[in-house]
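A short worksheet on the structure shown next.
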Amino acid sequence: MPRVIFHVDMDCFFAACEEKRRPELKGKPVVIGGREGRGVVSTANYKAREFGIKSAMPVSKAESLCKDAIFILPDMKYYKEMSNKIMVILSSFASKFEPVSVDEAYLDVTNKITINLSPRILAAKIKKEIYNKTKLSCSIGIAKNKSIAKIASDIEKPDGVTEVKDSRNFLRDLPVRKISGIGKVTQESLTNLGIKTIGDLSDKDRQWLIEKLGKYGLRLWLIANGLENEEVSPRESSESFSTERTYSKDIEDIDIITESIEDMSKRVSKELKEDRYNSKTVSVKIRYEDFETITRAKTLGFYFNDYKTIFEESLKLFKDNYDKNRKVRLIGVRCSNLSKLVEKQTRLTDWF
Ligand code: TTP
Ligand code: MG
């Protein structure tokens, strides 16, 4: 039986949170920006977007596009509080729930659908509940899998619901960039292979794509053909230890990055040890200056929680995977695939 998956994404989230607590902003162009002293736009409300203002654009450029816009520094603590409220509501509607970021989540609602409760009616209920409790709006994509639901939630923003019944038809003419995780660079590599639309991708021979792009090629082929079948499941977050660092200035100096990876490895190792965990998988997250973000993971043949292993493996992952032509904005180190240490092992391990 096909599943019913929702992707819920809040509308201009940070800006909407500010509008909620500052009614005087109503109807005005609002730009949230300057995170951690950086002069970039986090988000803008839809009025400000009419002037061409977008996330990740320098605040100075946003100012020149719209002189009357109201600029507000982000208040992450407040957005996180709102996010928590929203996530509690969302999770109450789903049998499987996966928060993805501060303002989006996947819900597997297959079991909730009945003759009287269609996916659209359920989506309307969810939107109403969120609105009643927070006065914020969201958009919902409904599809048979996560990747299509994610694309769909963006189609009728803001305050929209898009239900995909014919996946092939829906995907065919969309640019590959609509697939979550495809940034400028991947888009260019695909263009060089003659692939512009998701339909082009699905028409390619599966084996050929694997030869060209490795495992990632297989994943893209499955998505393009509507065959991606990932479970909605709580993220690793509760089952992993991680830390990340956003630089106050985009970095190209490998020594600085190495130093951060070393620091972060020490921190993650300390947390693993404090909570008495061993880990089998280490991953690094790299966010470039253009906001494209990649994560690369390696699973080792043994469990570890020492800083040296974490550092060596994450540094290697970084060096093997990063694009030297782009500056780095954020680096993260994560240990997952955890095993709780039993008492006997605990005594054998040198904790602190
Ligand atoms: P998004 O969901 O990408 O954007 P949004 O909610 O502002 O707007 P939309 O209606 O199109 O969904 O991101 C959620 C929040 O994450 C956003 O409000 C601010 C933050 N963010 C950044 O700080 N920098 C960025 O580059 C992006 C894309 C988002
Ligand atoms: Mg959003």
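Structure above, values below:
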quantity	calculated
Accessible surface of region 259-307 [probe 1.4 Å, protein heavy atoms]: carbon and sulfur percent	41 percent
Most mobile of I86, I195, I142 in a GNM of the chain (Cα contacts under 10 Å)	I195
In Å, descending, principal axis extents of the Cα set of region 70-178	42, 35, 21
Tail weight of P(r) past 20 Å, computed on alpha-carbon pairs of region 224-281, percent	49 percent
By accessible area with a 1.4 Å probe, ligands and nucleic acids excluded, highest first: order of M57, M1	M1, M57
D_trans [Stokes-Einstein, Kirkwood Rh over alpha-carbon pairs] for region 191-316, 20 °C, 1.002 mPa s, µm² s⁻¹	124 µm²/s
Computed [θ] at 222 nm, deg cm²/dmol, the chain (DSSP H ≥ 4; -39,500 (n - 2.57); rounded to nearest 500)	-12000 deg cm²/dmol
Ratio of the Cα radius of gyration of region 114-216 to 2.2 N^0.38 Å, where N counts its residues	1.31
Accessible area expressed per residue, region 59-211, with surrounding protein chains retained (probe 1.4 Å, Å²)	52 Å²
Cα centroid of region 157-190 to Cα centroid of region 1-76, whole Å	22 Å
Per-selection metrics, region 1-107 (Cα): Rg and Dmax in Å	15.6, 53
Sorted peptide list for 209-220, 326-337, 261-272, criterion being average Cβ within 10 angstrom, highest first	326-337, 261-272, 209-220
Debye equation applied to the C-alpha atoms of region 158-207, log10 I(q)/I(0) at 0.27, 0.33 Å⁻¹	-1.06, -1.24
Inverse of mean 1/r across different Cα pairs in the chain, Kirkwood, Å	22.3 Å
Nonlocal amide H pairs with E228, under 5 Å, H built at 1.01 Å	I223
Sparse-neighbourhood loop sites, GluC sites (Glu not before Pro) in region 38-106 - DSSP loop, at most 13 other Cβ within 10 angstrom	E50
Note, ³J(HN,Hα) from phi for region 70-83, Karplus 6.51, -1.76, 1.60, rounded to Hz, x at Gly and Pro	9, 9, 10, 6, x, 10, 4, 4, 5, 5, 5, 4, 4, 4
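The values are calculated or read from the model by the stated rules, or taken from the named source; none is laboratory data. Given the structure is predicted, the values throughout are model-derived calculations rather than measurements. Neighbour counts are summed over all protein chains in view; Cβ atoms, including those assigned to glycine, are modelled from backbone coordinates with ideal geometry. In case anyone asks, the SASA skips ligands and DNA or RNA and just uses the protein heavy atoms, side chains included. Shrake-Rupley method; radii C 1.70, N 1.55, O 1.52, S 1.80 Å.
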